[in-house]
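The values are calculated or read from the model by the stated rules, or taken from the named source; none is laboratory data. A quick note: this is a predicted structure, and the numbers were derived from the prediction, not measured. So basically every Cβ, Gly included, is an ideal-geometry build from the backbone, and we count neighbours across all protein chains shown.
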Amino acid sequence: MIFDPITVCNMELQNRFVRSATQEFMAEEDGTPTERLGELYEELAKNEVGLIVTGYSYVLPGGESDPLQQGIYDDRFIEPYRQITERVHCYKSKIVLQIVHGGRQATVSREHPVPIAPSPVKNGHSSVLPREMTDSEILEMIEAFTRAAVRAKKAGFDGVQLHCAHGFLLSNFISPYTNRREDRWGGSTENRTRIITEIVRRIKEDLGEDFPILVKLNATDGFRSGSSKAGLGLNAPESVEVAKLLEKAGVCAIEVSGGIGEAGGVTIRTAINSPAKEAYFKNYSKMIKEAVDIPVILVGGIRSLSVMKCLVKDGCADLISMSRTFISEPDLIPKLRSGEVEKARCVSCNLCFDPEGIRCNFEFD
């Protein structure tokens with residue numbers, strides 16, 4: 001089943017494997033995508049990855065969170081991205097552009113000295129206090145995401161994925177920990193999700209109902225039980241309600257993830273050395289899958305073919321998403337399909353997040 005074709009968001013995928021978005025550190029300083037990115041995505045396409053989600057691409061200047069991060073805030077990026085999508089489409093893979101704004105996790109610079117956020121809640125990871133966005137700034141942000149999606153379509157992408165996880169701007173709005181507003185953008189679950197549903201509505205206005213809009217969603221902020229912040233953040237039952245609102249708005253697939261920087265060690269766990277440690281967000285994804293009718297994609301330390309098959313069979317997910325695994329072994333899918341291997345070689349050391357460009361830096365025996 002996992003190697004069989006599947007239709008997701010009107011995209012015919014050759015299998016149920018997804019390359020989860022990863023910051024590659026391979027763009028120019030201004031966010032322009034490079035030949036190296038084209039080579040990376042083409043290699044994944046050659047090796048039968050059904051759906052490739054790009055590294056996160058920021059929608060406005062000042063919205064980046066990492067050096068050498070991709071941008072999509074200007075029309076000049078359309079042509080270099082088109083060269084990349086054409087390379088991918090020489091094979092059977094589909095490719096969507098993940099779009100993002102860093103919010104309270106955006107890089108502080110001379111041009112952008114104070115990050116923006118729904119509420120002025122200090123970043124517990126960096127100790128930076130963001131500035132609360134005005135109503136007009138929120139409307140401008142919705143327009144920026146819409147323009148980014150329009151550019152993505154012009155560049156030949158098969159869809160976009162809104163990054164609503166990991167403490168970036170859209171997830172800042174969803175979480176009651178980072179959103180303390182009392183206007184139409186805060187308070188109830190529906191209000192805190194409004195910026196995303198408005199982005200979806202605007203994209204559909206400009207690009208039509210059939211253009212695929214996916215979401216990467218935090219199912220939890222990841223605060224530990226007993227933390228002084230526990231109970232303030234996003235929890236699993238509320239994430240289910242968010243997922244239902246997104247489905248109603250027209251989102252056509254949800255990738256389930258979790259964690260923000262303040263929670264520590266939640267999103268990208270290390271030492272995944274047994275099947276029991278794999279798929280650490282599976283309980284959340286199962287809850288969401290039982291509540292929505294759109295495809296659910298699961299990411300989080302998935303390594304073994306047996307685990308992948310069980311996740312689909314047991315109703316935890318429709319598709320399997322991996323990041324570090326494909327950094328280590330871009331040719332993993334043919335190896336699994338042929339029976340050459342039963343699990344990925346990735347040891348979850350996180351040495352691959354190399355500021356000179358992602359690569360596997362673990363020294364295997």
Legend entry - Failed item in (1) in a helix (DSSP H, G or I); (2) within 20 Å of Cys164 (Cα to Cα), with Met308 passing the rest: (2)
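Yes/no per residue for (1) at pLDDT 95 or above; (2) assigned to a helix (DSSP H, G or I); (3) within 30 Å of Gly38 (Cβ to Cβ):
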{"residue": "Ser136", "(1), (2), (3)": "yes, yes, no"}
{"residue": "Arg147", "(1), (2), (3)": "yes, yes, yes"}
{"residue": "Val160", "(1), (2), (3)": "yes, no, yes"}
{"residue": "Tyr177", "(1), (2), (3)": "no, no, no"}
{"residue": "Arg184", "(1), (2), (3)": "yes, no, no"}
{"residue": "Gly187", "(1), (2), (3)": "yes, no, no"}
{"residue": "Glu190", "(1), (2), (3)": "yes, yes, no"}
Legend entry - Search result, residues across the stretch 240-260 that are out of contact with any His (no Cβ under 9 Å at 6 or more places or on another chain) and β-branched (Val, Ile, Thr): Val240, Val242, Val251, Ile254, Val256
Legend entry - Glu143, sole failed condition from (1) in contact with an Asp or Glu (Cβ under 9 Å, 6 or more places away or on another chain); (2) surrounded by fewer than 20 Cβ atoms within 10 Å (Cβ to Cβ): (1)
Legend entry - Candidates Ala276, Ala291 - the one that is at negative phi and out of contact with any Lys or Arg (no Cβ under 9 Å at 6 or more places or on another chain): Ala276
Inset, instruction - Collect the residues in the stretch 269-283 that are touching a helix residue (DSSP H, G or I) at 6+ places or on another chain (Cβ under 8 Å) and surrounded by fewer than 16 Cβ atoms within 10 Å (Cβ to Cβ), keeping them in residue-number order. - result: Arg269, Ala271, Pro275, Asn283
Legend entry - Qualifying positions in the stretch 282-301 - among the β-branched types (Val, Ile, Thr) and either within 16 Å of the chain's Cα centre (by Cα) or in a helix (DSSP H, G or I) (or both): Ile288, Val296, Ile297, Val299
Inset, instruction - Pick out the one residue from Leu207, Leu232 that is touching a Lys or Arg at 6+ places or on another chain (Cβ under 6 Å), among the aliphatic types (A, V, I, L, M) and touching a residue at least 12 places away in the same chain (Cβ under 8 Å). - result: Leu207
Legend entry - Identity of the residue in the stretch 321-365, of a type in the set (Asp, Glu) and surrounded by fewer than 17 Cβ atoms within 10 Å (Cβ to Cβ), that ends up nearest to the chain's Cα centre (by Cα): Asp354
Inset, instruction - Considering only the stretch 225-244, state which residues are modelled with pLDDT of 95 or more and either assigned to a strand (DSSP E or B) or aliphatic (A, V, I, L, M) (or both). - result: Val240, Val242, Ala243
Inset, instruction - Can you tell me which residue within the stretch 76-118, out of those that are of a type in the set (D, E, K, R) and more than 20 Å from Ala45 (Cβ to Cβ), is surrounded by the fewest Cβ atoms within 10 Å (Cβ to Cβ)? - result: Arg110
Inset, instruction - Would you check which residues across the stretch 192-224 are more than 24 Å from Ser119 (Cα to Cα) and assigned to a loop (DSSP other than H, G, I, E, B) and list them? - result: Gly208, Glu209, Asp210, Phe211, Pro212
Legend entry - In the stretch 1-22, residue farthest from the chain's Cα centre (by Cα) [restricted to those that are surrounded by 21 or more Cβ atoms within 10 Å (Cβ to Cβ) and not in a loop (DSSP other than H, G, I, E, B)]: Leu13
Legend entry - Residue in the stretch 245-264 that is nearest to His166 (Cα to Cα), counting only those that are part of a helix (DSSP H, G or I) and touching a helix residue (DSSP H, G or I) at 6+ places or on another chain (Cβ under 6 Å): Leu245
